[in-house]
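Engineer: Okay, handing you the structure first.
Laboratory data are not the source of any read-out in this text; all were calculated from the coordinates shown. Note that the structure is predicted; figures quoted are calculated from it, not measured. Don't worry about glycine lacking a Cβ; one is built from the backbone with ideal geometry, like all the others, and counts go over all protein chains shown.
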Amino acid sequence: MKILAFADTHESFTSRKKIDALVKTERPDVIVCAGDFTVFEQYLEQMMDWMQKLPAPVLLIHGNHEEEAVVRKMCAHRSNLTFIHKKPVLIQDTLFIGWGGGGFDTMDAQFDHHAKEIAPRIEKATKVVLVTHGPPHGNKLDHLHGGNVGNRSYSNFLKKNANVVLAISGHLHENFEKEDKQHNCRLINPGPNGKVLTI
């Protein structure tokens, strides 16, 4: 499966054009947006309409610049957009798990509870892709000002589930385009211009 992932476009026209070009040349099977596609929901409608027109299914979560309820409602009447926050989606043999918002907490009890609820689906999946706005803890993606500021709930999830092959996140602009590996899982902050990944 070929995935085009991006995060933190913050309405950038330049980033949208680069993503459009990648989509055209790479022809991904699925497109993943890891949140913060606006600046506090300015031009939200335009950004949603742009993603709706992309020529591949778009899975997205909200970031700390968008409200969960608003994005969920706006995705409901756009056939090409699937809001995956708290709603896992199976595409081919891959289960996509989304958890949006935040980016500042080092633990997330609600995520831990959600992971337990969907554990049977995770166990049955051949491959799992985790999409969060903030990064997991303890890697190149969450290293900032001499320390690690990521979320331990996410990194614990990767440790417990060996079939998570890819974790996509954003939030920390300083770490755009960085990659790492943690518990046999490939980690990436694709940045606003998009990255093409094959799993």
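Engineer: Can you compute the modelled spin-label distance between residue 105 and residue 70, with each label point 7 Å from Cα toward Cβ, in nm?
Structural biologist: Between residue 105 and residue 70, the simple spin-label model gives 2.0 nm.
Engineer: Would you please name the trypsin sites (Lys or Arg not before Pro) within region 55-97 that are DSSP coil residues with at most 15 other C-beta atoms within 10 Å of their C-beta?
Structural biologist: In loop regions of region 55-97 (DSSP not H, G, I, E or B), the sparsely surrounded trypsin sites (Lys or Arg not before Pro) are 78.
Engineer: How many percent of Cα pairs in region 91-139 exceed 18 Å?
Structural biologist: 35 percent
Engineer: Continuing with this model, one more query. Which of rounded, prolate, oblate describes the chain, given a ≥ b ≥ c as roots of the alpha-carbon gyration tensor eigenvalues and a/c under 1.5 marking rounded, otherwise prolate only if a/b is larger than b/c?
Structural biologist: Verdict is rounded for the chain.
Engineer: Measure of size requested: the Rg and Dmax of region 27-131, with Cα atoms as the atom set and Å as the unit; please supply both.
Structural biologist: When restricted to the Cα atoms of region 27-131, Rg and Dmax are 13.9, 40 Å.
Engineer: Let me ask something additional. Can you tell me what share of the DSSP beta bridges in the chain is antiparallel? A percent to the nearest 5 is fine.
Structural biologist: Counting only bridges with both partners in the chain, antiparallel ones make up about 35 percent.
Engineer: Another question, then. Apply the a/c threshold of 1.5 to the C-alpha gyration tensor of region 132-173 and tell me whether it is rounded, prolate or oblate.
Structural biologist: Prolate, since a/c reaches 1.5 and a/b exceeds b/c.
Engineer: Also, quick follow-up: Find how much the distance from residue 29 to residue 181 grows on full extension, using 0.36 nm per residue of separation minus their present alpha carbon separation; answer in nm with one decimal.
Structural biologist: 52.4 nm
Engineer: Shifting gears a bit: If a/c stays under 1.5 just call it rounded; otherwise compare a/b with b/c (prolate if a/b is bigger, oblate if not). Do that for region 1-60, with a ≥ b ≥ c from the square roots of the Cα gyration tensor eigenvalues.
Structural biologist: Note, shape of region 1-60 comes out prolate.
Engineer: Could you list the chymotrypsin sites (Phe, Trp or Tyr not before Pro) in region 28-129 that lie in coil according to DSSP, counting only those with at most 13 other Cβ atoms within 10 Å of their Cβ?
Structural biologist: 40, 104
Engineer: Let me spell out the model: positive unit charges on the Cβ of Lys and Arg, negative unit charges on the Cβ of Asp and Glu, origin at the Cα centre of the chain. What dipole size does that give, in debye rounded to 20?
Structural biologist: With Lys and Arg at +1 and Asp and Glu at -1, about 700 debye.
Engineer: When the scattering of region 125-199 is computed by the Debye formula from its Cα atoms alone, each counted once and equally, what is log10 I(q)/I(0) at q = 0.12, 0.17, 0.20 Å⁻¹?
Structural biologist: -0.28, -0.55, -0.76
Engineer: So, one more: Students often get this wrong, so check it: of 127/195; 24/140; 18/124; 53/181; 2/53; 53/195, which have C-alpha atoms separated by over 28 Å?
Structural biologist: From 127/195; 24/140; 18/124; 53/181; 2/53; 53/195, over 28 Å: 24/140; 18/124; 53/181.
Engineer: Would you mind ranking 31, 118 so that the residue whose beta carbon has the fewest other beta carbons within 10 Å leads the list?
Structural biologist: Lowest to highest Cβ neighbour count: 118, 31.
Engineer: Moving on to the next point. Work through the residues other than residue 94 whose Cβ is under 14 Å from its Cβ and net out their charges, Lys, Arg +1 and Asp, Glu -1.
Structural biologist: +3
Engineer: Just from its helices, what would the mean residue ellipticity at 222 nm be for the chain, if runs of 4 or more DSSP H residues each count -39500 (n - 2.57) and the sum is divided by every residue, rounded to the nearest 500 deg cm²/dmol?
Structural biologist: -8000 deg cm²/dmol
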